[in-house]
1. In the stretch 29-45, what count of residues is obtained for those that are under 30 Å from residue 2 (Cβ atoms) and either crowded, with 16+ Cβ neighbours inside 10 Å or touching a strand residue (DSSP E or B) at 6+ places or on another chain (Cβ under 6 Å) (or both)?
2. If you check residue 28 against the conditions, is it of a type in the set (Val, Ile, Thr), farther than 30 Å from residue 109 by Cβ, in contact with a helix residue (DSSP H, G or I) (Cβ under 6 Å, 6 or more places away or on another chain) and at pLDDT 95 or above?
3. Picking from 36, 47, 66, which residue would you name as being within 10 Å of the chain's Cα centre (by Cα), over 20 Å from residue 102 (Cβ atoms) and hydroxyl-bearing (Ser, Thr, Tyr)?
4. Here are some residues: 52, 16. Which one is surrounded by fewer than 11 Cβ atoms within 10 Å (Cβ to Cβ) and assigned to a helix (DSSP H, G or I)?
5. What is the residue count in the stretch 12-41 for residues that are free of Cβ contacts under 8 Å to residues at least 24 places away in the same chain, closer than 19 Å to residue 70 by Cβ and β-branched (Val, Ile, Thr)?
6. If I ask for residues that are surrounded by fewer than 16 Cβ atoms within 10 Å (Cβ to Cβ) and not charged (D, E, K, R), which ones from the stretch 1-11 would you list?
7. Report yes if residue 80 is loosely packed, with under 12 Cβ neighbours inside 10 Å and closer than 15 Å to residue 11 by Cβ, otherwise no.
8. Restricting to the stretch 82-99, count the residues that are modelled with pLDDT under 95 and either part of a helix (DSSP H, G or I) or under 12 Å from the mean Cα position of the chain (by Cα) (or both).
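The values are calculated or read from the model by the stated rules, or taken from the named source; none is laboratory data. Small disclaimer: the values here were computed from a predicted structure and weren't measured. Neighbour counts are summed over all protein chains in view; Cβ atoms, including those assigned to glycine, are modelled from backbone coordinates with ideal geometry.
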Amino acid sequence: MDIVRSILLFVLAALTEIGGAWLVWQGVREQRGGLYVGAGLIALGLYGFVATWQPEAHFGRILAAYGGVFVAGSLAWGMALDGFRPDRYDVAGAAICLVGVAVIMYAPRAA
């Protein structure tokens, strides 16, 4: 159950951080205005809390693993919302990152 919870929290973290950054990007770079920027800042702030809900107690491990989720999530977000089409190297890199996440977070460790 902890692994399922952890994965769901990583997905929620990706939605809040990537979504928040995307909203700021839209507000500033695409000139969509302050509401986008404000919503983005709120989402980015929420991301900071989501990471604390992980069952794992080590900040460095959580953030290191989340880095891999961020890589894959950013590519997926770009595909879904910006029409980005990753090439095989993007896909391979994201897959390598997700394997790294699994090793960092879910490898058996001595208690």
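1. Of all residues in the stretch 29-45, those under 30 Å from residue 2 (Cβ atoms) come to 42-45.
Narrowing the set further to residues that are either crowded, with 16+ Cβ neighbours inside 10 Å or touching a strand residue (DSSP E or B) at 6+ places or on another chain (Cβ under 6 Å) (or both) leaves 43-44.
The number of residues fulfilling the criteria is 2.
2. Spelling it out, it is not the case that residue 28 is of a type in the set (Val, Ile, Thr), farther than 30 Å from residue 109 by Cβ, in contact with a helix residue (DSSP H, G or I) (Cβ under 6 Å, 6 or more places away or on another chain) and at pLDDT 95 or above.
3. Exactly one of 36, 47, 66 is within 10 Å of the chain's Cα centre (by Cα), over 20 Å from residue 102 (Cβ atoms) and hydroxyl-bearing (Ser, Thr, Tyr), namely 47.
4. Numbers: 16 fails: surrounded by fewer than 11 Cβ atoms within 10 Å (Cβ to Cβ).
Answer to the check: 52.
5. 1
6. Those that are surrounded by fewer than 16 Cβ atoms within 10 Å (Cβ to Cβ) and not charged (D, E, K, R): 1, 3, 4, 7, 8, 11.
7. Yes.
8. 1
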